[in-house]
Amino acid sequence: MYVRHDTSIRTPMSSQSGHVSPFQSGHESPPNVSQESNQRSSSTRLFEETFKKTLSGTEIIRLNKLCKEHTEEFVLQAIKEAAGRKLKYVNIGLIENILGDWKIDGKPTPRPVFVPCGKGICEEGFIFSEGVASLCPCKRIYQQELENWKNKRTKT
């Protein structure tokens, strides 16, 4: 409930105590449609834009699970592969099947993508202290993943 004063300042009325508390700006309002679309993953946006279909909550969960199992870049490649097939109807099951076929056929995994941990004083994988830069553990892990990826590619 709001009470309007002559100065047109809105103040919410406490329903329990009857006291007026000052109106505080900055409270989050529910996200609007454009904010929600900005928060969707790249794979969800690509799927919806490519196939002109809005995914349900269950389908988004399935797609996000695929991104965790196979990396988002690999899922994006599978969506592009599905688009190239020019089918009348495409669903997440087709993306799962493509990824499964690639796993069986031995399609190489995409190059690892570095994502800084953002913990503490990590800046893009480096820790700066007194003018000296050292590698953050997240950068070391990425470098190892990249090395493993390169080794797998040269073996096949």
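Data overview
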{"read-out": "Burial ranking of peptide ranges 125-131, 143-149 (average Cβ count within 10 Å, highest at the top)", "value": "143-149, 125-131"}
{"read-out": "Local electrostatic count, Y142, Cβ distance below 15 Å [Lys/Arg +1, Asp/Glu -1]", "value": "0"}
{"read-out": "In the stretch 67-97, GluC sites (Glu not before Pro) in a DSSP loop with at most 12 other beta-carbon atoms within 10 Å", "value": "none"}
{"read-out": "Packing-based exposure ordering (other Cβ within 10 Å, fewest first) of I141, I92, I104, I61", "value": "I104, I61, I141, I92"}
{"read-out": "Y89, Y142 arranged by Cβ crowding within 10 Å, fewest neighbours leading", "value": "Y89, Y142"}
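Every read-out reported here was derived from the displayed coordinates using simple, explicitly stated rules and does not represent laboratory data. Bear in mind that the values here come from a model prediction, so they are computed numbers and not experimental data. Ideal geometry is used to build each Cβ from the backbone, glycine not excepted, and the neighbour counts take in all protein chains shown.
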